[in-house]
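First the structure, in the form of structure tokens, and then the observations on it.
The values are calculated or read from the model by the stated rules, or taken from the named source; none is laboratory data. Predicted model, so just to flag it, every value in this text is computed and none were measured. In this analysis, Cβ positions are derived from the backbone assuming ideal geometry, glycine residues included, and neighbour counts consider all displayed protein chains. Ligands, DNA and RNA are stripped out before the accessible areas are found, and what is left, the full protein with its side chains, is counted by its heavy atoms. Shrake-Rupley method; radii C 1.70, N 1.55, O 1.52, S 1.80 Å.
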Amino acid sequence: MSLHLSGITLTYPDGDTRLTALDQVGLEVPKGSLTAVVGPSGSGKSSLLAVAATLITPDAGTVTIDGTPTTGLSRAELTDLRRHKIGIVFQQPNLIASLTAVEQLQVMVQIDGRKPRAARDRALELLDAVALADQADRRPHQLSGGQRQRVNIARALMNDPTVLLVDEPTSALDHERGAAVIDLITRLTHQQATATVLVTHDRTHLTAADQIAEVHDGRLTVPAAVTT
Ligand code: ADP
Ligand code: MG
């Protein structure tokens, strides 16, 4: 077991009342497996990822990462947990304009105090894993949208996360490049043995998922096991 959500309810202030963004959500994502989360815009998908990432504390429920319940942890402990166990890929690849591809990855662990040489080796290895070894010294403006998204994904893996959370990585890509990014995430999930949650709009990409969860109005259901 690697990521376990249980009884998650999350509300946001909404005028005089509160809006229920997540309603009693439970989800189990084993290590080395991919769970796709689909649902209409505004159904709660990004909120679900933010709670799983421990960036938002839910009103109720428990997020357990690698067997450790996160309830009651201090902000510092949560930051530490995120740094070591969680990789997050946001919708927009927010790369730093002045850094090369390999440097985008290297800064992740320099923050963490690991040896720069080891960080560079790991960064180059991951760029190779996302088929960008030959683009290591390019800056974001010299890369295509698909390449930038691959750098973004490689960067999320720098800390060897247990949990990989990916929010609509294909929304800015055409179908073919989108499919390649999903293939990549699937391969990395198995290779790096991450518990991966992938939020996606495009149902055509879902054949690789081990589990498909649907979200409607904050309620999550897992309709049927995927048998492939
Ligand atoms: P999705 O990612 O599926 O589009 P979200 O999780 O972003 O859905 O949003 C779920 C619901 O919560 C929506 O109704 C949205 O307007 C609302 N919401 C999201 N973030 C906030 C926020 N920070 N404050 C208030 N309401 C929010
Ligand atoms: Mg969203």
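Charge tally around Ile88: other residues with Cβ under 12 Å, Lys/Arg +1 each, Asp/Glu -1 each, net +3. Please enumerate, by chain and number, the aspartates and glutamates with C-alpha under 12 Å from the C-alpha of Lys31, excluding those fewer than 8 residues away in the same chain. Lys31 reaches Asp66, Asp210.
Using the 1.4 Å probe convention, the accessible area of the chain works out to 48 Å² per residue with neighbouring protein chains retained.
Between Ala180 and Tyr12, residue separation times 0.36 nm minus the direct Cα-Cα distance comes to 56.9 nm. Its relative contact order, with pairs defined as Cα atoms under 8 Å and 6+ residues apart, puts the chain at 30 percent. Here the accessible area is traced with a 1.4 Å probe on the protein chains. For the chain, carbon and sulfur cover 50 percent of it.
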